[in-house]
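The values are calculated or read from the model by the stated rules, or taken from the named source; none is laboratory data. Values in this document were obtained by computation on a predicted structure and should not be read as measured data. For neighbour counting, all protein chains shown are included, and Cβ atoms are generated from backbone atoms with ideal geometry for every residue, glycine included. The accessibility values were calculated without ligands, DNA or RNA, using every heavy atom of the protein model including side chains. Shrake-Rupley method; radii C 1.70, N 1.55, O 1.52, S 1.80 Å.
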Amino acid sequence: MFAERTLSPAVERLHREITPDVLVLDTERDFETLPPAVAEELGLLVESLDPASYPEAWLPENAPAQLEAYASEQFTIGLPGDGTVVRTHQTEPPTVLVKARAETTPASFRDFLIAEALVEIDEGVPESFLPFFGEQYAELDSALGLGGTATYQIAAALFDAWVGLHTRERFRAWAGDHDELHAAWEDAGDRLVGRIDDLPGEVARGETEFPAATELACSAVKHGLDLPAPFAALDTLAYRDHGAEYAVRWAEKTIDSLTE
């Protein structure tokens, strides 16, 4: 199921500089969540496994089944929506898993996704949105009032934005040092330009669902792009510093403004 990945020279250099002990592995197939029997195969490649579990009280009654499995004592890795590259801190050392579909991803963007995972591991941010929100995940669900799947999508997006507030200055600093990776990061941001200016209007007109708009806006936060209100409030030091508590308050105020 797993094989050590041969990294491009640009990613290999970054890997050597910031996370030399981290394993980067290819997976034979795509996945949303690796079940216990497959995840435990990592034990053959790492020094130790440290499966995470989270209190049942953190989850609202309408939480998706895969989130419940992830929170349980089963050893699972990954969640729907994680994308092409997944990092886990449930192994020692941490591991980056590159899904099979990466082979159809443009090489420069694939390199950036792997580099991004290495930077996130080096920053020490949580593995997923669930430990980030903790017991406040149920509060977020209550504040949104949109249901389990929508809460999941928004929570994942808000977590990505918060992570981006911790990592984007490092990506900017790649200019002149890790130029190939910096160019890929800039290109990913450029693809969002023109798609975010009228997000509030699109939501108001019913052209874009609020979870999808939040997801797009949070991607823009990761690249430091200008955002309209109410999403601009996510690109702040207050959010970087106060995390989940701030995100829940933002959700409450935003939902109130949308329903006025």
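The rows are residues; the columns are (1) without any contact (Cβ under 8 Å) to a residue 40 or more places away in the chain; (2) among the charged types (D, E, K, R); (3) closer than 27 Å to ARG5 by Cα.
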position: LEU118; (1), (2), (3): no, no, yes
position: GLU123; (1), (2), (3): no, yes, yes
position: PRO131; (1), (2), (3): no, no, no
position: GLY134; (1), (2), (3): no, no, no
position: ALA150; (1), (2), (3): no, no, no
position: LEU165; (1), (2), (3): no, no, no
position: HIS178; (1), (2), (3): no, no, yes
position: LEU216; (1), (2), (3): yes, no, no
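ARG240: closer than 24 Å to THR149 by Cβ and either modelled with pLDDT under 95 or surrounded by fewer than 19 Cβ atoms within 10 Å (Cβ to Cβ) (or both), yes or no? Don't jump to the end; show me each part of the working.
Details: closer than 24 Å to THR149 by Cβ: no; either modelled with pLDDT under 95 or surrounded by fewer than 19 Cβ atoms within 10 Å (Cβ to Cβ) (or both): yes.
For ARG240, the condition - closer than 24 Å to THR149 by Cβ and either modelled with pLDDT under 95 or surrounded by fewer than 19 Cβ atoms within 10 Å (Cβ to Cβ) (or both) - is not met.
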Log entry, pairs with first residue in the stretch 237-256 being in contact (Cβ under 8 Å) with a residue 60 or more places away in the chain, second being surrounded by 16 or more Cβ atoms within 10 Å (Cβ to Cβ) and of a type in the set (Asp, Glu), beta carbons closer than 7 Å, six or more apart or on different chains, reads VAL248/GLU139
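Do we have any residue at all in the stretch 199-213 that's buried (at least 16 other Cβ atoms within 10 Å of the Cβ), among the hydroxyl-bearing types (Ser, Thr, Tyr) and touching a Leu at 6+ places or on another chain (Cβ under 9 Å)?
Residues of the stretch 199-213 buried (at least 16 other Cβ atoms within 10 Å of the Cβ): 199-200, 202-203, 208, 210-213.
Filter once more, so that each one left must be among the hydroxyl-bearing types (Ser, Thr, Tyr): 208.
Remaining after also requiring touching a Leu at 6+ places or on another chain (Cβ under 9 Å): 208.
Yes, the conditions are met somewhere in the stretch 199-213.
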Taking the stretch 81-93 only, how many residues are open to solvent by less than 30 Å² (accessible area, probe 1.4 Å) and either part of a loop (DSSP other than H, G, I, E, B) or of a type in the set (Asp, Glu) (or both)? 4
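Taking TRP174, is it under 19 Å from ALA220 (Cα atoms), open to solvent by 10 Å² or more (accessible area, probe 1.4 Å) and touching a residue at least 40 places away in the same chain (Cβ under 8 Å)? Steps first, please.
Details: under 19 Å from ALA220 (Cα atoms): yes; open to solvent by 10 Å² or more (accessible area, probe 1.4 Å): yes; touching a residue at least 40 places away in the same chain (Cβ under 8 Å): no.
Answer is no for this residue.
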